Each structure stands twice: as structure tokens, then as C-alpha cells.
1. May I ask you to list the residues in region 426-450 that are part of a strand (DSSP E or B) and either of a type in the set (Asp, Glu) or modelled with pLDDT of 95 or more (or both)?
2. Got at least one residue in region 72-88 being among the basic types (Lys, Arg), under 19 Å from Arg216 (Cβ atoms) and surrounded by 20 or more Cβ atoms within 10 Å (Cβ to Cβ)?
3. For region 181-189, indicate whether the set of residues that are within 22 Å of Asn505 (Cα to Cα), buried (at least 23 other Cβ atoms within 10 Å of the Cβ), among the polar types (S, T, N, Q) and in contact (Cβ under 8 Å) with a residue 40 or more places away in the chain is non-empty.
4. Is it the case that region 302-320 has a residue that's assigned to a helix (DSSP H, G or I), hydroxyl-bearing (Ser, Thr, Tyr) and under 30 Å from Cys376 (Cα atoms)?
5. Restricted to region 262-284, and to residues that are surrounded by fewer than 21 Cβ atoms within 10 Å (Cβ to Cβ) and either over 26 Å from Pro501 (Cβ atoms) or not hydrophobic (A, V, I, L, M, F, W, C) (or both), which residue is modelled with the lowest pLDDT?
6. Filter region 38-67 for residues that are assigned to a strand (DSSP E or B) and either hydrophobic (A, V, I, L, M, F, W, C) or crowded, with 16+ Cβ neighbours inside 10 Å (or both) and give the result.
7. If I ask for residues that are of a type in the set (A, V, I, L, M, F, W, C) and surrounded by fewer than 17 Cβ atoms within 10 Å (Cβ to Cβ), which ones from region 144-158 would you list?
8. Taking the options Pro389, Pro380, Pro384, name whichever one is under 16 Å from Lys189 (Cα atoms) and either touching a residue at least 24 places away in the same chain (Cβ under 8 Å) or within 23 Å of the chain's Cα centre (by Cα) (or both).
Amino acid sequence: MDRTLDDLTPRPAAPAPAPYDRGLRPFRPLHHRFLRGLAAAEHGTALLAGDRGMTYAEAHELALTWAGALLDRCPRPPRAVAVLGNKTAEAYVGVLAALYTGAAAVPLHPDFPVARSRAALHAAGAEALIADPAGSAILTDLLDGAPAMPVLVPDQAPVTGPALDAPRTAGPDDTALILFTSGSTGRPKGVRVTHGGADHYFGIIDERYGYGPGDRLSQTFDLTFDCAHFDLFAAWGTGASVVAVPQKAFFALPEFTARHDLTGWFSTPSVIAFVQRAGGLGPGALPSLRHSLFAGEALTVADAAAWQQAAPGSALENIYGPTELTITIAGHRFDPLRSPRIAVNGIVPIGAVHPGHRALLLAEDGSARQDEGELCVAGPQTTPGYLDPADGQGRFLDRPEGRYYRTGDRVRRLPGGELAYLGRSDAQVQVHGWRVELAEIDHAVRGCDGVQDAVTVHAGGELAVFYTGREQPALHIAAELRRTLPEPLVPRRYRHLEHFPLNANRKIDRTALTALAGARRGPAAGG
């Protein structure tokens, strides 16, 4: 796709996109996006994983063959097909093949504990499975005690059987993806993502970003993470290419983006600090990027500015949304002048909710608020529910105008209608009789001289701070904090880290930090 100088010029903050009305065009199931890409770029690269690339035509033929083989081996069309793999050609085609059968695709990570994956396999009611090379290594353990089901391991044996002539259809209320969130109790919760919700979502994405056959989009997320499916279907619906980003690429990201001519980037904000430490965010280091998207955790203004400096031709957005609202439900276009002025606690706003949805701010007493409260969203992207109805206890709010999903995230409505993220509702803690918002403490610590980033946790009745940047005496940080925080809110414990631990989805692992704070106290600031 030819690009002009205007395409490479940083764009000002964008207003909310024009309302998207699915009624203006017929409904299309999720896998239809690949068929659109096939029509637009039949011999173009659909995916690149490691050294293995695959054209749209090749991936389509394989997916039809694998889907036909599964249907031939199942006593009835499966309702759910597990894909045991991650960021490989087999895993990507496996997701497509599962959808081609008319079933829901259920991504399972080969590196996750087998017991967890077995529980997810059972909860999803998977009736067939496709495994990539890493997945094949744990098949025996995974399927121990599970009902017999057809299993395809394409790297070990060619898949044979009658190929489908065309993908099976699906309706708007049918489940396209079953994704498992971690769950506050540690037990995975299965979330249903419908074809109708995905259809509405990607219609908005198409209008907002305008990807096409000339684009090459990064794929940084594991397939069990909902954002991975943005990468796949945002690209595949427009004829663009998906490029899997291996862990080692983060150590030399400018070289990787240049070699693959990446035009789109999407990752968690934690990646920014990682790449920065590796020296990859120098001025103009990422010149090929046209769009840079971040989601999954709070994006700080400082991190956004650092990335924008490295990718000056890129429109940078903070996009937000839990799995229960179909990948992302809001977005804010970063502007280096405007965004810092309206940021709260140094966090880039999350923007306005997508067209066709209602946003309700809920106070602690259950009343609706105009200014600040827990974000609740109703609309076509809202999940119809969890696999286990008990998991939805207290998570939905039925009102005359619709059924709202309670996100558990506290937001503030800004002038103009955008939303600022304040933190989790459960991130408020009581310390010495004061109600403490941990995000406010994080922001204050980031403002201390020499501190790059900070995470505050509540452990053992105390506030403990973990920070990156220059290591310094705890008393020095506490003294600086006393200039902006009331004495009872000044943390007593501080610990320097070279970098924060990340969980499987490359978000900062607050659970690990809380455990670390409880097991080994950092230096005390006294007071």
C-alpha cells in the first residue's frame, strides 16, 4: 500500500469515530474476515511465524482440510475445538480451522500448567483438538482422563480427509471464541465471545485504523490473551500480514521492525520499559510504524511519550477493555500536548466507549453517577455470560435500557466525554484509617527523582513500593513523597528492582509483588 507523507505525520487527538451501525450491512461471522483478506490479497502473506510464512491461499486451503478432517472424525459437528499452541503457523491456522468447522475456538497455552489447561478443556466442552509442536509434547498428560476426541497434530503426520468446500456458517449469537481469564480466586473463568460481538467490534476497528494489504501487524500476545485476536482478525479482515514477535525481538526491536517493515504495533505497556532498557527507544528508532496500540494495563504518560519519540510517524493509542467486552471497548488517541493535561495520576485516558454502547458510572451505593464511579458497559460487545453461570454472580447489572457488564474499574468522566482510568475498585485499601488509591501512590513515587516506574501493593497491613530506575535510600524517597502525600499515606517499605515481574500475558504481576512484599520486606523509611 502506497503511503504519503501525510500518512507518516503524527495525527492530532482524534474525536470519537463516526457511529458504526451493523444494520447498514449484513452480519458476517468472525472467520468471514479471513475470506475478506483472501479476496483482497490471495497471494499475499497472511502470517509469518519464525521463518515460516504462509499466504492467504495456503492458510485457507489448510484450514479447509483440517476442518474437514475434524468434521469427518467427529460423530457430530463439534461445539468447541481446542487449539493447543501459541504463536506458530499451526496454532494460527488451527484457530481458523476451528472456526471453519462452525465451532468455537478454545486457545490453550502449551506452557501453562497441565491441570489448568485440562480444567479449561473440560469447562469449554471441547470435542476436538489441534496441537502445534509444543502442544503435542503435553498431549498425553492433557488428555489423561478426558473424553476421547479427534486430535490433529499436523507437524507429526499429514492431515488427510475430505476438505470442506467452504467454511460452515455461524449466527450472531453463536460463540466464536472461548477465552479464559485468570479469575480472582485463581480458577480460570471461561468467557464467551460471540460472532455478533466480534462483528460489531471489527467493524469499528476497520473504520478507526484503515489497515490494508500493505500493512504488517505485530503479534506479541499469547493466543490465550484476547488481544491476540485483535492482531489476527484486524489483519486478516483487510488483507494485511500478521508477524509473530518472539521474546528475543524485544532486545533489538528497531532491527526487528525494520527487517519486517512493521506498520502496526500492539502490546502491553510493560513492553515499553523493557524495550527502553534494551536501548530500543532512541529518537526515530521505529520509523516504519503507522499505528502503535497499547492495552492490558495502565499506560503512563511518560511511557507513551517515550514510545512516541521512537515512532514519530505513528498514531499512538491507549485502548481499553476486558475480555467480557470483546477485546477492547474504548480508546484514546495520544497527543503530546493535550493528553498529559487531562491525564489523572499520570495515566493516559482510556477514551470514550465504542459507538452503539452505553456507559454507566456506578457509585458504591449502587446509584448512577455522572462524574466518577465503576465503569459498567452495555451493548453488542458485551458477553452473553460465562461458561459457568456462577462466575457471573455480581458481574452484571440488568436495567431497563440493557444488561451492563461491571468492569470493576473506577473511571472519571473528563470534559468532552472521554474517560480517565483511576484503578481497580478493589485497589482501594484502608491504611491507618485512610482510604488509599494505590494508583495515586504509584503516581507520586514516579515523580520522585531517579524513579522510572513504581508499583504499590498492600501487604501485612502496610504499603510497600517496588520501583525501577536509580536505586536510592528509602528515606530519600519517603522525604520526597511527604511533599505531596499526607503522612499516613507515605509508604514505609521500598524495594528497588531492575524490572518488574510479568505474568503470562506480559502484564506487571502484582500478585507476585504482593507475595514478595509479604515474604521479604524492603528497607523501611521509618517515620
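The values are calculated or read from the model by the stated rules, or taken from the named source; none is laboratory data. Quick caveat: nothing in here was measured; it's all calculated off a predicted structure. Cβ: placed from backbone, ideal geometry, glycine included. Neighbour counts: every protein chain shown.
1. Step one: list which residues in region 426-450 are part of a strand (DSSP E or B), which gives 428-431, 434-437.
If the condition is that a residue be part of a strand (DSSP E or B) and either of a type in the set (Asp, Glu) or modelled with pLDDT of 95 or more (or both), then Glu437 is the only one that fits.
2. yes
3. To start, the set of residues in region 181-189 that are within 22 Å of Asn505 (Cα to Cα) comprises 181-189.
Those still in the list that are buried (at least 23 other Cβ atoms within 10 Å of the Cβ) too: none.
Within region 181-189 (the criterion being within 22 Å of Asn505 (Cα to Cα), buried (at least 23 other Cβ atoms within 10 Å of the Cβ), among the polar types (S, T, N, Q) and in contact (Cβ under 8 Å) with a residue 40 or more places away in the chain), the answer is no, since none of the residues qualifies.
4. Restricting attention to region 302-320, the residues satisfying the condition of being assigned to a helix (DSSP H, G or I) are 302-310.
Those left that are additionally hydroxyl-bearing (Ser, Thr, Tyr): none.
Within region 302-320, none of the residues are assigned to a helix (DSSP H, G or I), hydroxyl-bearing (Ser, Thr, Tyr) and under 30 Å from Cys376 (Cα atoms).
5. Applying the filter and picking the extreme gives Arg277.
6. So in region 38-67, the residues assigned to a strand (DSSP E or B) come out as 45-49, 52-55.
Those that are assigned to a strand (DSSP E or B) and either hydrophobic (A, V, I, L, M, F, W, C) or crowded, with 16+ Cβ neighbours inside 10 Å (or both): Thr45, Ala46, Leu47, Leu48, Ala49, Met54, Thr55.
7. Let us first name the residues in region 144-158 that are of a type in the set (A, V, I, L, M, F, W, C), namely 146, 148-149, 151-153, 157.
Matches in region 144-158: Ala146, Ala148, Ala157.
8. On the way: Pro389 fails: either touching a residue at least 24 places away in the same chain (Cβ under 8 Å) or within 23 Å of the chain's Cα centre (by Cα) (or both); Pro380 fails: under 16 Å from Lys189 (Cα atoms).
Testing whether each residue is under 16 Å from Lys189 (Cα atoms) and either touching a residue at least 24 places away in the same chain (Cβ under 8 Å) or within 23 Å of the chain's Cα centre (by Cα) (or both) leaves just Pro384.
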